Amino acid sequence: MGLAEHTSRVVAQFDFSDEELNRHVDEFLKQANAGLKQDGTSLSQIPSYVTAVPNGTEKGIYLAVDLGGTNFRVCSVSLNGDSTFNLVYNKVAIPKNLMVAKTARDLFAFLAKQIELFLREHHRDHFESAAHRRSTMSFPEGYRDEQIFRLGFTFSFPVQQLGINKGKLIRWTKGFDIPDAVGKDVCKLLQDEIDRLGLPVKVAALVNDTVGTLMARSYTSAGKHRSLLGAIFGTGTNGAYIEKTASITKPIPGEYDKSTGEMVINTEWGSFDNELNVLPSTVWDQTLDRESVNPGIQMYEKRVSGMFLGEIVRLAINDMMKDDEASLFRDTNSSYNDWSTTTNVSPQSGLLSQWGLDTAVLSVAAADNTPELSTIRQELENTLQVYTPSLEDAQAFKAVAGAVVRRAARLAAVAIGAIVLQSGKLDDPEEELIDIGVDGSLVEHYPFFRDMIYEALRAIEGIGPSGADKIRIGIAKDGSGVGAALIALIAQKMEKPGDFLADLRRDIRRRLSLPFENAGMLPLQNHSTPAFCFLCSVSLAPSLLA
Ligand code: BGC
């Protein structure tokens, strides 16, 4: 069997027919509804405590931080109240050793330090006057609520949310693995480290990036159409949509605004069909899962998102390279090689090591439509150290990569289509348009990813070509910046007057009940008033405790 025939066989394994597509939509709806009824199902359907979406008139300055992939981003956002905003940010790569650190503190102390550096650089006056007030210890001046930045914490991992700024980590995804953090309240982990540094910052809201994306899209497209769904197709994948609270029959602990009758649900669809009732499973999907840090979970994500697509392609290509008859990247295969006759793969090539093939290379392959596929061949040389690949080699690589991403796009349409169907908006004559905000490297950079989603949406029963025309999928930038800031604003509005002083009183009582030397060491809880002087609190206590 020659290379072309071998390639067709590999490509065929990634076919995803219309019939399968529809079977998946049915299963998605089943699992989505199960998640609204009880905890512990594969689609977690996490209530976000966000019960309204913005309308573009919101104003104020908020901080936002984003932990969710390879980078940590700190930003401050000025909401201008007219659907526009200004944003400044710093971004740092998360050191690999912290992604698998021994203790949660190692990671969260690093994050708090980045917030401090950001404040020193971009809000120096505010930072210094807060530090000055702290050192002069004058009350109430030292503890004025409005001088504390509210921060929206975008934490893009599955969390059991218990309130707008409270949530326990269910599990890590996307290559993170710090077992010590699982089951802990991630807002408190961050607030404790912020307090250790004495920063004037309160972690006001816990935000999933998809909820932020939905908020950002609603703020920036305000007045036109309210968005239904915010989705990420990047390193990971997930979606958040607006659900009627009446349909969420599992308990929602804690307080939330019941007046709107709606709540944003973070579906955590990355774990759709962990049981593999319907999801396709080639040998390469199975190997990828077996060798991942979290076998058996995030099974949908492992077929759809950027972190994994390169690896699926790498595993398939690797098998083709081992097959003598397929003879990929070997001289014997080159019936026509205009570059040289010394095709070879360096032992250091990324093709030979786990995660060695970046999904970005797949975008390059898809974009190259030159007759000689010269861009791909150059890319194979430069990034993968595959020297002088032939045209046939490049064609095989392009075909396999394209098939893996096409399956991913059609699977992406399963989740989008199911949520559109679930909303009932297709049949509502009042709804001219169903707006969906998307973000992430795949939708942004992979050529025609959105077109492949649309093509699949047209093939879904109940949507069809006319339904697909009603769906508008648009890029929503900065969910984790402006979106998180908007949720911090919503959270601030939900704070009851006096919440801040009540927290402070509680802390003072707690300190007074502790031995002197321990009391001064405690970080404040629930708000981020900086490091606190015990002696000072004693003299203030009578008025505060009144
Ligand atoms: C996480 C989600 C997140 C998604 C996109 C997934 O791995 O579980 O919480 O929204 O990645 O970043």
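Here are some notes:
- Members of the stretch 283-308 that are away from the ligand (no atom under 14 Å from the Cβ) and either at positive phi or open to solvent by less than 10 Å² (accessible area, probe 1.4 Å) (or both): ASP285, LEU288, GLY296
- Candidates in the stretch 242-275 are the residues that are under 18 Å from MET299 (Cβ atoms) and of a type in the set (Ser, Thr, Tyr); of these, the one that is surrounded by the fewest Cβ atoms within 10 Å (Cβ to Cβ) is SER271.
- Among the residues of the stretch 45-75, those that are open to solvent by less than 20 Å² (accessible area, probe 1.4 Å), part of a loop (DSSP other than H, G, I, E, B) and in contact with a strand residue (DSSP E or B) (Cβ under 8 Å, 6 or more places away or on another chain) comprise GLN45, SER48, TYR49, VAL50, THR51, GLY68.
- The stretch 235-249, residues that are within 16 Å of the ligand (Cβ to nearest atom) and assigned to a loop (DSSP other than H, G, I, E, B): THR235, GLY236
- Cβ separations smaller than 7 Å between residues 6+ apart or across chains give the following pairs from the stretch 140-159 residues that are under 13 Å from CYS187 (Cβ atoms) and within 16 Å of the ligand (Cβ to nearest atom) to residues that are modelled with pLDDT of 60 or more and acidic (Asp, Glu): THR154/ASP66; THR154/ASP209.
- When restricted to residues that are of a type in the set (A, V, I, L, M, F, W, C) and over 21 Å from ARG23 (Cα atoms), the stretch 278-297 contains 4.
Conditions tested, residue by residue: (1) modelled with pLDDT under 95; (2) out of contact with any helix residue (DSSP H, G or I) (no Cβ under 8 Å at 6 or more places or on another chain); (3) not aliphatic (A, V, I, L, M).
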residue	(1), (2), (3)
PHE448	no, no, yes
ASP451	no, yes, yes
GLU461	no, no, yes
ILE475	yes, no, no
VAL482	yes, no, no
LEU486	yes, no, no
ILE490	yes, yes, no
ARG511	yes, no, yes
LEU514	yes, yes, no
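- In the stretch 406-444, residue nearest to the chain's Cα centre (by Cα) [restricted to those that are among the β-branched types (Val, Ile, Thr) and in a helix (DSSP H, G or I)]: VAL443
- The condition of being away from the ligand (no atom under 13 Å from the Cβ) and not in a loop (DSSP other than H, G, I, E, B) holds for only one of ILE265, ILE194, that being ILE194.
- In the stretch 214-230 there is no residue matching the filter, namely being in contact with a Leu (Cβ under 9 Å, 6 or more places away or on another chain), of a type in the set (D, E, K, R) and farther than 30 Å from ASP82 by Cα.
- Residues in the stretch 159-191 that are in a loop (DSSP other than H, G, I, E, B) and surrounded by 24 or more Cβ atoms within 10 Å (Cβ to Cβ): ILE164, ASN165, THR173.
- Residue count for the stretch 83-105, restricted to those that are assigned to a helix (DSSP H, G or I) and in contact (Cβ under 8 Å) with a residue 24 or more places away in the chain: 3
- Subset of the stretch 206-234 that is within 15 Å of the ligand (Cβ to nearest atom) and part of a strand (DSSP E or B) - its residue that is farthest from GLY483 (Cα to Cα): PHE233
- So VAL100, is it at pLDDT 95 or above and surrounded by fewer than 18 Cβ atoms within 10 Å (Cβ to Cβ): no
- Qualifying residue in the stretch 210-217 (condition: in the same structural domain as GLY81 (by the TED database), open to solvent by 10 Å² or more (accessible area, probe 1.4 Å) and under 18 Å from GLY152 (Cβ atoms)): no
- Which numbered condition PRO465 misses (of (1) surrounded by fewer than 22 Cβ atoms within 10 Å (Cβ to Cβ); (2) in contact with a Gly (Cβ under 6 Å, 6 or more places away or on another chain)): (2)
The values are calculated or read from the model by the stated rules, or taken from the named source; none is laboratory data. Just so you know, these numbers come straight off a predicted model, no measurement behind them. Here the Cβ is made from the backbone with ideal geometry for all residues, glycine too, and neighbour counts use every protein chain on show. Remember, those area values only see protein heavy atoms, side chains included, never the ligands or the DNA or RNA. Shrake-Rupley method; radii C 1.70, N 1.55, O 1.52, S 1.80 Å.
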